[in-house]
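Structure first, commentary second.
Every read-out reported here was derived from the displayed coordinates using simple, explicitly stated rules and does not represent laboratory data. This one's a predicted model, so the numbers in the text were calculated from it and none came from an experiment. Reconstructed Cβ throughout: ideal geometry from the backbone, glycine too, with neighbour counts over all protein chains shown.
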Amino acid sequence: MSENEKLAQDVKAWRAREGFTAEAAAKALGIPKRTFEGIEQSRGFPYPLLLRVAMESNALSLRAVQEKLSRKD
């Protein structure tokens, strides 16, 4: 499996886990939707490590918000 294919697989899994549409995922990562779609189609990304850090950071932020919201109930 190439690095681009591995990245695509990881991005797809992240998006499914977080429940994002492609558009919402692109916005969360701060990249254009077409770029995001290209990553998911194994066309690669020049900064895969940064993308992985952004996905993890975003996931942690979302969990923190969800925890705060659940405490208010």
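Before moving on, here are some points about what is shown:
- Between ALA59 and SER42, the contour length at 0.36 nm per residue exceeds the alpha carbon distance by 3.9 nm.
- Spread over its residues, the convex hull of the C-alpha atoms of the chain is 82 Å³ per residue.
- 0 to 90° range, to nearest 10: angle between helix 48-72 axis and the chain longest Cα axis: 20 degrees
- Short-range pairs are left out: with C-alpha atoms under 8 Å and at least six residues apart, the relative contact order of the chain is 35 percent.
- ARG52-ASP10 pseudo-label distance in nm [points 7 Å out on the Cα-to-Cβ vector]: 0.3 nm
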